[in-house]
Structure formats: structure tokens, C-alpha cells
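The values are calculated or read from the model by the stated rules, or taken from the named source; none is laboratory data. Note that this is a predicted model, so its numbers are computed, not measured. Note that we place each Cβ from the backbone using ideal geometry, even for glycine, and neighbour counts take in every protein chain shown.
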Amino acid sequence: MIIYSRNIVTEAGIIDGYLVYENDKITDIVRKERQELNADLDYSDYTIIPGIFDTHNHGYKGWDPGDAQKDADNVLGYCKALGSVAVTSIFPTTDNEEGAFKNVVKAIERNEDGARIMGIHSEGPYLNRVGEKGIDTGHPEIDLDHVQEMIDEGKGYLRLVALAPELERSSEAIRLLNQNNVRVAFAHSNQTYEEAMESFKDGISVITHTANVMAGIHHRNMGGLGAALLNDEVFNELICDGLHVRNEMIDIILRIKKDAFHKVLMISDNSHLGGLKPGRYEGPFGPCNITEEGFCLTDTGRLAGSAKPVLYGMKNLVQNLHLPLEKVCVMASLNPCEVYGFADRKGSLRIGKDADFAIIDKDFNCLFTYREGKKIFDHEKDTNLECPDAYDHKVG
């Protein structure tokens, strides 16, 4: 199959040329100025980007992969919906308090359509910080037997666990997870700058949604956020919708963080309400309000996940912060693949890699998505990807 576009985002930059793939692999990328080929598909006026790898996503279009009361079909519906926003690789994000891992593991075995499940991300249950406008309801104590149970029930697919490192026995939990090839993230924490810097030495290597739900920066108190930016080793998840973190702060993060364009991992943090029409719904923390601008808020005004996909964040970075698309694609696709060990086959458009890519228009609408050479989303055909009971939970 040969696809033509004037704008193909490759590791060598944006080229006018042809993307050639056979079965599931990219076999050639040809500049038009060097050779003209007979294209099977002409996407002249559109842009071809690498498929997005969203490593922090709790759901989309009403699908909730953490709903243990449903089955693997629910997880597969979620994967299919993600194709509509250019996601080709995913870490379904949940915890295993109600046994949700089993559905994700079963879905992996049947993952023929939609985004490819690359592993499981457990955000919690060992979290602490309340955050702005929150109510302190306490926190669970770390149970190492439960941590081992999470590892066992993940069946080798558990790749990331987020926790608050100030909790007792966190060092032991981090060590246990790292020994089982699971990265640990700094999350929902009240730690100071000094405390956070010390906790990173225990084996934390990722920062969960940088700036959100952590002690912020003050010129006399740098907080966990200061540590997240000034530690050169940790990788920083970042929600780039301009809502969770103001664009000015995103600019600061990208200027301050050493080698930021290789250390930042763009994420959505979508709740299952992401992609639904504005309104009031039953959400993960009680009633949630999806606003016209894209916030997902509890009635108290607390952020409760995101309603915008990574693709929207990419649009924000390109159109409002004027960042080069090729750098933005690295943060959305290649960096997470580098961090989690998939860069040899995914994350960028290069000969020999999986044919994971999306076709987007000038306004960052996704028109078509391909995973391993198979079309998993077609905007003309896949017009109803919402969970069948998505609006049953609408309360206003």
C-alpha cells in the first residue's frame, strides 16, 4: 500500500512524499522530489502523523476499562473509540480494587481492532494529596500483599503504578514493583521539594500529570512540582489541553525541564466522560460536569480527569504555543515508546516499524487511523463509537 501526502511527519522531519507499507510494517518512505510513485491513496491536503501512545487514559466516549462489572467487550469498545482520536497504542488506566485487571488481560488476547493495549497503568490506590478545592477523606495504607496481587493479576502486563511516596512502606512497594519491571510514578502527593527529591532515589521514574494534584511552586517553597521539573532523570506526564495546566505554565515546563522534548510524555488523563456532550453525569467522584470548554469538574469545582484527547493537546501546542508539529509528535508518540520499551517498533514513522499512523486535517480532526497497517477508524463510517449506555448516566 502506498499513501501520498504533502506532510508526512517522519523521524527525519516533515516530508512531501509517500508512505509505503506492507502487511503491518512500513517498508519505505520516499520523498516525492526523489521519485514519484503511483499512490493507492492520495491524502495530499492532509497530514500523516505517528499513531499516538496515550499512557494515562481512564476511558473515552462513555467506555470505562476500569468497570469490573462489565467484561472484555467493554475494554475492546474503549479501544475502538480511541482510534477516532488518532490513538494506536494505549495503557488502560485503572486500579484493581474491584478486579478490573482481568478484563483488560482478556481484552489483550482479542485486541484485533482499535488501539493496541500495550500494558496496564494503575493510578492508585495508594494516593494522598487532596489538591485545590478538594476534601480530605484520608488515604489507604500500603499493603505489600496487595501490591504483589496487583503484579500477579496483571499477568505481566502491569507497566506503571502511581502512588504517593510519603505513605508508609512506599519504599518497599517501589522496590517490589521495580523488581517486577513495573515503573512507579509520583502521584497525588503532599511531599515538599526536598522530600520528593529523596523519594525519586527510591526508584520513582515518572511524574503523574505534572503540576496537577501536587504541591506547587512558590519562590520560598518549591513543592513537589519544583522537584519534578528540576530532577533530570524523571519523565513527566503532561496534560496539554491548556485547561489542566495553563499554556504559560506549559511554556515554563518546556523551558525549565532539561531535555524537555525527550522527557515529556503527552497524556490525556481522559475519564470515561471524555468525548461526550457537555452536561452533568455520574462520574468517578460523584456527579461530574463536562463543560463547553472541556473541563471535567465535580460539583465542588475539583478537576476529575480530562474530557479532551491527546490530539486536542497537540493542536493546542501547535496553534497556541507555536511548537513545531514534529516535536509535538515526539512527545505524543515516540517518548512514551522509549520510556516503556516499544520504540524499536512503534512511536514514529520509520522503515521497519509498525504501520501505526493517523491522517488529520488542518484543524487536527482525525479522519483515518491505521494500526499495524489495518484501518481502525474511518470518519465516514465509524460515526457511532459511544458506549451504548453512555448517556444513561446523564443527570443534568
Item to check | Out of LEU311, LEU297, LEU325, LEU349, sole residue that is at pLDDT 95 or above, surrounded by fewer than 22 Cβ atoms within 10 Å (Cβ to Cβ) and not acidic (Asp, Glu) | outcome: LEU325
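Select from the stretch 11-46 the residues that are of a type in the set (Asp, Glu) and surrounded by 14 or more Cβ atoms within 10 Å (Cβ to Cβ) and list them in ascending order. Steps first, please.
Of the stretch 11-46, the ones of a type in the set (Asp, Glu) are 11, 16, 22, 24, 28, 33, 36, 40, 42, 45.
Selection gives GLU11, ASP24, ASP28.
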Checklist entry - Here are some residues: GLU282, GLU338, GLU326. Which one is farther than 13 Å from LEU243 by Cβ, in contact (Cβ under 8 Å) with a residue 40 or more places away in the chain and outside any helix (DSSP H, G or I)? => result GLU282
Next on the checklist: Name the residue that is surrounded by the most Cβ atoms within 10 Å (Cβ to Cβ), counting only residues in the stretch 161-191 that are among the small types (Gly, Ala, Ser) and over 24 Å from the mean Cα position of the chain (by Cα).
Outcome noted: SER170
Next on the checklist: Looking at (1) surrounded by 23 or more Cβ atoms within 10 Å (Cβ to Cβ); (2) in contact with an Asp or Glu (Cβ under 7 Å, 6 or more places away or on another chain), which one does MET331 not meet, given that it meets all the others?
Outcome noted: (2)
Checklist outcome for this item: Taking the stretch 204-254 and keeping only residues that are among the basic types (Lys, Arg) and crowded, with 19+ Cβ neighbours inside 10 Å, one is left with none
Checklist outcome for this item: Here the residues within the stretch 291-310 that are over 25 Å from HIS188 (Cα atoms) and within 18 Å of the chain's Cα centre (by Cα) are none
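MET249: among the hydrophobic types (A, V, I, L, M, F, W, C) and in a strand (DSSP E or B), yes or no?
On the way: among the hydrophobic types (A, V, I, L, M, F, W, C): yes; in a strand (DSSP E or B): no.
Here the answer is no, as MET249 does not meet what is asked.
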Item to check | Residue selected from the stretch 192-203 under the condition of a type in the set (D, E, K, R) and part of a loop (DSSP other than H, G, I, E, B), by the criterion surrounded by the most Cβ atoms within 10 Å (Cβ to Cβ) | outcome: ASP202
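Taking the options LYS353, LYS327, LYS346, LYS315, name whichever one is over 19 Å from the mean Cα position of the chain (by Cα) and of a type in the set (D, E, K, R). Can you show your working first?
Details: LYS327 fails: over 19 Å from the mean Cα position of the chain (by Cα); LYS346 fails: over 19 Å from the mean Cα position of the chain (by Cα); LYS315 fails: over 19 Å from the mean Cα position of the chain (by Cα).
On inspection, the qualifying residue turns out to be LYS353.
One line per residue, one yes/no per condition, for (1) over 30 Å from ASP143 (Cβ atoms); (2) β-branched (Val, Ile, Thr):
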| site | (1), (2) |
| --- | --- |
| GLU11 | yes, no |
| LYS25 | yes, no |
| LYS32 | yes, no |
| LEU37 | yes, no |
| THR55 | no, yes |
| ALA81 | yes, no |
| ASP95 | no, no |
Checklist outcome for this item: Counting only residues in the stretch 67-99 that are at pLDDT 95 or above and among the small types (Gly, Ala, Ser), the one surrounded by the fewest Cβ atoms within 10 Å (Cβ to Cβ) is identified as ALA72
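Having 2 or more residues that are more than 24 Å from GLU237 (Cα to Cα) and outside the structural domain of GLY224 (by TED's automatic domain parsing) is the bar; report the helices (runs of 4 or more DSSP H) wholly within the stretch 88-191 that clear it. First the steps, then the outcome.
On the way: elements: 101-109, 144-153, 170-179.
Passing ranges: none, list empty.
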Checklist entry - Which of the residues belonging to the stretch 7-23 are charged (D, E, K, R) and under 26 Å from the mean Cα position of the chain (by Cα)? => result GLU11
Checklist entry - So which of SER306, SER333 ends up being modelled with pLDDT under 95, in the same structural domain as ILE204 (by TED's automatic domain parsing) and within 28 Å of ILE207 (Cβ to Cβ)? => result SER306
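Report whether or not TYR391 is among the aromatic types (Phe, Trp, Tyr) and within 29 Å of PRO287 (Cα to Cα). Spell out the reasoning first.
On the way: among the aromatic types (Phe, Trp, Tyr): yes; within 29 Å of PRO287 (Cα to Cα): yes.
Taking the combined requirement at face value, the residue satisfies it.
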Next on the checklist: Every residue in the stretch 369-386 that is surrounded by fewer than 23 Cβ atoms within 10 Å (Cβ to Cβ) and touching a residue at least 12 places away in the same chain (Cβ under 8 Å), please.
Outcome noted: GLU372, GLY373, LYS374, HIS379, ASP382, LEU385, GLU386
Checklist entry - Out of all the residues in the stretch 213-241, which are in a loop (DSSP other than H, G, I, E, B), closer than 16 Å to GLY305 by Cβ and modelled with pLDDT of 95 or more? => result CYS240, ASP241
